[in-house]
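Student: Dropping the structure in here first, questions after.
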Amino acid sequence: MAVRLSAMYFLQFSVFGAQTILLGGHMRELGFSGTQISWVYGTGALAALVSPVIAGWLADHFLPTQRIMGLCYLSCAPLLWWGYQQASFESLWLTMLLFQIVHVPTMGLSNVVALYHQPDSRRIGFVRAWGTVGWVAISWALSLHLHFWDTWQAGRNHARHRDRPREDRWPGSTVSVCCWSPAPS
(Lines give C-alpha, C1' and ligand atoms only; values in the text may rest on other atoms or scores of the structure.)
Protein backbone atom coordinates (compact mmCIF):
# COMPACT_ATOMS: atom_id res chain seq x y z
CA MET A 1 0.00 0.00 0.00
CA ALA A 2 2.90 2.37 0.66
CA VAL A 3 3.86 2.13 -3.02
CA ARG A 4 0.37 3.15 -4.19
CA LEU A 5 0.22 6.01 -1.71
CA SER A 6 3.69 7.18 -2.77
CA ALA A 7 2.55 7.09 -6.42
CA MET A 8 -0.54 9.11 -5.47
CA TYR A 9 1.59 11.85 -3.89
CA PHE A 10 4.12 11.74 -6.74
CA LEU A 11 1.43 12.24 -9.39
CA GLN A 12 -0.52 14.78 -7.35
CA PHE A 13 2.43 17.10 -6.98
CA SER A 14 3.49 16.47 -10.57
CA VAL A 15 0.17 17.99 -11.64
CA PHE A 16 0.64 20.96 -9.35
CA GLY A 17 4.26 21.45 -10.33
CA ALA A 18 3.64 21.16 -14.08
CA GLN A 19 0.90 23.74 -14.21
CA THR A 20 2.80 26.08 -11.91
CA ILE A 21 5.92 25.95 -14.07
CA LEU A 22 4.22 26.28 -17.45
CA LEU A 23 1.58 28.84 -16.54
CA GLY A 24 3.88 31.78 -15.79
CA GLY A 25 5.76 31.52 -19.07
CA HIS A 26 2.53 31.05 -20.98
CA MET A 27 1.02 34.21 -19.49
CA ARG A 28 4.21 36.17 -20.09
CA GLU A 29 4.13 35.14 -23.77
CA LEU A 30 0.50 36.25 -23.96
CA GLY A 31 1.62 39.70 -22.80
CA PHE A 32 0.07 39.66 -19.32
CA SER A 33 1.41 42.19 -16.83
CA GLY A 34 3.07 41.11 -13.60
CA THR A 35 -0.06 42.13 -11.70
CA GLN A 36 -2.26 39.99 -13.93
CA ILE A 37 0.06 37.01 -13.55
CA SER A 38 -0.04 37.38 -9.77
CA TRP A 39 -3.86 37.54 -9.84
CA VAL A 40 -3.98 34.27 -11.79
CA TYR A 41 -1.60 32.59 -9.34
CA GLY A 42 -3.69 34.01 -6.49
CA THR A 43 -6.64 31.86 -7.57
CA GLY A 44 -5.12 29.02 -5.54
CA ALA A 45 -5.42 31.05 -2.35
CA LEU A 46 -9.00 32.02 -3.16
CA ALA A 47 -9.93 28.41 -3.84
CA ALA A 48 -8.26 27.30 -0.60
CA LEU A 49 -10.76 29.40 1.35
CA VAL A 50 -13.80 27.49 0.12
CA SER A 51 -13.18 24.29 -1.79
CA PRO A 52 -11.59 22.05 0.90
CA VAL A 53 -14.62 22.61 3.15
CA ILE A 54 -17.02 21.64 0.38
CA ALA A 55 -14.96 18.63 -0.72
CA GLY A 56 -14.57 17.45 2.87
CA TRP A 57 -18.30 17.71 3.44
CA LEU A 58 -18.98 15.74 0.25
CA ALA A 59 -16.44 13.09 1.29
CA ASP A 60 -17.97 12.83 4.77
CA HIS A 61 -21.57 12.52 3.62
CA PHE A 62 -21.89 11.28 0.05
CA LEU A 63 -18.87 9.71 -1.65
CA PRO A 64 -15.68 8.00 -0.49
CA THR A 65 -12.66 10.29 -0.33
CA GLN A 66 -10.83 8.56 -3.18
CA ARG A 67 -13.89 8.99 -5.44
CA ILE A 68 -14.00 12.72 -4.69
CA MET A 69 -10.30 12.89 -5.58
CA GLY A 70 -10.96 10.99 -8.81
CA LEU A 71 -13.72 13.40 -9.77
CA CYS A 72 -11.48 16.36 -8.95
CA TYR A 73 -8.69 15.05 -11.17
CA LEU A 74 -11.06 14.14 -13.99
CA SER A 75 -12.13 17.80 -13.87
CA CYS A 76 -8.55 19.13 -13.71
CA ALA A 77 -7.39 17.88 -17.12
CA PRO A 78 -10.09 19.55 -19.26
CA LEU A 79 -9.87 22.75 -17.20
CA LEU A 80 -6.11 22.98 -17.79
CA TRP A 81 -6.63 22.30 -21.48
CA TRP A 82 -9.33 24.99 -21.64
CA GLY A 83 -7.17 27.41 -19.67
CA TYR A 84 -4.29 27.14 -22.12
CA GLN A 85 -6.68 27.97 -24.96
CA GLN A 86 -7.57 31.32 -23.37
CA ALA A 87 -5.83 34.48 -24.52
CA SER A 88 -7.55 37.11 -22.37
CA PHE A 89 -6.78 37.75 -18.72
CA GLU A 90 -10.40 37.51 -17.56
CA SER A 91 -11.12 34.17 -19.20
CA LEU A 92 -7.82 32.64 -18.06
CA TRP A 93 -8.34 33.94 -14.52
CA LEU A 94 -11.82 32.41 -14.34
CA THR A 95 -10.66 29.10 -15.81
CA MET A 96 -7.73 28.87 -13.38
CA LEU A 97 -10.05 29.71 -10.48
CA LEU A 98 -12.27 26.78 -11.50
CA PHE A 99 -9.18 24.57 -11.84
CA GLN A 100 -7.96 25.55 -8.38
CA ILE A 101 -11.41 24.98 -6.87
CA VAL A 102 -11.28 21.35 -7.98
CA HIS A 103 -7.53 20.85 -7.46
CA VAL A 104 -6.91 22.42 -4.03
CA PRO A 105 -9.13 19.94 -2.12
CA THR A 106 -6.98 17.05 -3.31
CA MET A 107 -4.19 18.26 -1.03
CA GLY A 108 -6.17 17.57 2.13
CA LEU A 109 -8.06 14.58 0.75
CA SER A 110 -4.82 12.82 -0.17
CA ASN A 111 -3.69 13.10 3.46
CA VAL A 112 -6.98 11.54 4.60
CA VAL A 113 -6.50 8.64 2.18
CA ALA A 114 -2.86 8.15 3.21
CA LEU A 115 -3.55 8.25 6.95
CA TYR A 116 -6.46 5.83 6.59
CA HIS A 117 -4.58 3.27 4.49
CA GLN A 118 -1.15 3.47 6.12
CA PRO A 119 -1.37 1.65 9.47
CA ASP A 120 2.14 2.68 10.55
CA SER A 121 1.93 6.46 11.00
CA ARG A 122 5.73 6.67 11.19
CA ARG A 123 5.91 5.84 7.46
CA ILE A 124 3.66 8.71 6.37
CA GLY A 125 6.64 11.06 6.09
CA PHE A 126 8.39 8.66 3.73
CA VAL A 127 5.23 8.24 1.65
CA ARG A 128 4.56 11.99 1.64
CA ALA A 129 8.12 12.76 0.52
CA TRP A 130 7.25 11.31 -2.89
CA GLY A 131 5.14 14.42 -3.49
CA THR A 132 8.31 16.49 -3.31
CA VAL A 133 10.06 14.04 -5.61
CA GLY A 134 7.16 14.41 -8.07
CA TRP A 135 7.41 18.20 -8.01
CA VAL A 136 11.20 18.12 -8.54
CA ALA A 137 10.98 15.44 -11.26
CA ILE A 138 8.40 17.33 -13.31
CA SER A 139 10.33 20.58 -12.80
CA TRP A 140 13.52 19.08 -14.16
CA ALA A 141 11.74 17.26 -16.99
CA LEU A 142 9.88 20.37 -18.12
CA SER A 143 12.93 22.60 -17.76
CA LEU A 144 14.97 20.25 -19.94
CA HIS A 145 12.13 19.87 -22.43
CA LEU A 146 11.58 23.61 -22.72
CA HIS A 147 15.32 24.27 -22.98
CA PHE A 148 15.69 21.82 -25.86
CA TRP A 149 12.42 22.96 -27.43
CA ASP A 150 13.70 26.55 -27.48
CA THR A 151 16.95 25.34 -29.04
CA TRP A 152 15.18 23.33 -31.76
CA GLN A 153 12.41 25.86 -32.42
CA ALA A 154 14.24 29.17 -32.11
CA GLY A 155 11.98 32.14 -32.76
CA ARG A 156 8.73 30.20 -32.57
CA ASN A 157 5.92 31.77 -30.55
CA HIS A 158 5.30 29.22 -27.79
CA ALA A 159 2.11 30.93 -26.64
CA ARG A 160 0.42 29.59 -29.77
CA HIS A 161 1.94 26.12 -29.41
CA ARG A 162 -1.09 24.12 -28.26
CA ASP A 163 0.71 20.84 -27.50
CA ARG A 164 2.16 22.26 -24.31
CA PRO A 165 -0.88 21.54 -22.10
CA ARG A 166 -0.41 17.82 -22.79
CA GLU A 167 2.66 17.98 -20.59
CA ASP A 168 0.63 18.76 -17.49
CA ARG A 169 -2.49 16.69 -18.23
CA TRP A 170 -0.95 13.22 -18.10
CA PRO A 171 -0.20 13.17 -14.35
CA GLY A 172 -3.74 14.32 -13.52
CA SER A 173 -5.29 11.75 -15.81
CA THR A 174 -3.14 9.00 -14.32
CA VAL A 175 -3.92 9.89 -10.71
CA SER A 176 -7.66 10.02 -11.49
CA VAL A 177 -7.47 6.42 -12.76
CA CYS A 178 -5.60 5.40 -9.60
CA CYS A 179 -8.35 6.93 -7.45
CA TRP A 180 -11.00 4.83 -9.19
CA SER A 181 -9.11 1.53 -8.89
CA PRO A 182 -10.28 -0.78 -6.09
CA ALA A 183 -8.44 -0.63 -2.79
CA PRO A 184 -6.53 -3.78 -1.82
CA SER A 185 -8.20 -6.00 0.74
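The values are calculated or read from the model by the stated rules, or taken from the named source; none is laboratory data. Small disclaimer: the values here were computed from a predicted structure and weren't measured. No Cβ is skipped: glycine too gets one built from the backbone with ideal geometry, and neighbour counts run over all protein chains shown.
Student: From (1) touching a Ser or Thr at 6+ places or on another chain (Cβ under 8 Å); (2) crowded, with 19+ Cβ neighbours inside 10 Å; (3) in contact (Cβ under 8 Å) with a residue 60 or more places away in the chain, pick out the condition that doesn't hold for Leu74.
Tutor: Condition not satisfied by Leu74: (2).
Student: Next question. Determine which member of the set Leu46, Leu97 is over 14 Å from the mean Cα position of the chain (by Cα) and surrounded by fewer than 20 Cβ atoms within 10 Å (Cβ to Cβ).
Tutor: Details: Leu97 fails: over 14 Å from the mean Cα position of the chain (by Cα).
From the options Leu46, Leu97, the qualifying one is Leu46.
Student: Name the residue, out of Gly125, Gly108, that is more than 14 Å from Gln12 (Cβ to Cβ) and in a helix (DSSP H, G or I).
Tutor: Details: Gly108 fails: more than 14 Å from Gln12 (Cβ to Cβ).
Going through Gly125, Gly108 in turn, the sole match is Gly125.
Student: Of (1) more than 16 Å from Thr20 (Cβ to Cβ); (2) modelled with pLDDT of 85 or more; (3) of a type in the set (Phe, Trp, Tyr), Trp149 satisfies all except one. Which?
Tutor: With respect to (1) more than 16 Å from Thr20 (Cβ to Cβ); (2) modelled with pLDDT of 85 or more; (3) of a type in the set (Phe, Trp, Tyr), Trp149 is out only on (2).
Student: Look at the stretch 49-63 and say how many of its residues are within 10 Å of Leu109 (Cα to Cα) and either of a type in the set (A, V, I, L, M, F, W, C) or without any contact (Cβ under 8 Å) to a residue 40 or more places away in the chain (or both). So that I can check it myself, show each step before the final result.
Tutor: Quick first cut of the stretch 49-63, residues within 10 Å of Leu109 (Cα to Cα) only: 52, 55-56, 59.
Pick out the ones that are also either of a type in the set (A, V, I, L, M, F, W, C) or without any contact (Cβ under 8 Å) to a residue 40 or more places away in the chain (or both) and you get 55, 59.
Total meeting the criteria: 2.
Student: Can you tell me which residues in the stretch 20-57 are in contact with a Phe, Trp or Tyr (Cβ under 8 Å, 6 or more places away or on another chain), assigned to a helix (DSSP H, G or I) and farther than 23 Å from Val136 by Cα?
Tutor: If the condition is that a residue be in contact with a Phe, Trp or Tyr (Cβ under 8 Å, 6 or more places away or on another chain), assigned to a helix (DSSP H, G or I) and farther than 23 Å from Val136 by Cα, then Gln36, Trp39 are the ones that fit.
Student: Looking at (1) buried (at least 17 other Cβ atoms within 10 Å of the Cβ); (2) among the β-branched types (Val, Ile, Thr); (3) at pLDDT 90 or above, which is the only condition Ile68 fails?
Tutor: In the conditions (1) buried (at least 17 other Cβ atoms within 10 Å of the Cβ); (2) among the β-branched types (Val, Ile, Thr); (3) at pLDDT 90 or above, Ile68 misses (3) alone.
Student: Follow-up. Just checking, how many residues over the stretch 81-126 are within 19 Å of Ile68 (Cα to Cα), at pLDDT below 90 and aliphatic (A, V, I, L, M)?
Tutor: Qualifying residue count, the stretch 81-126: 7.
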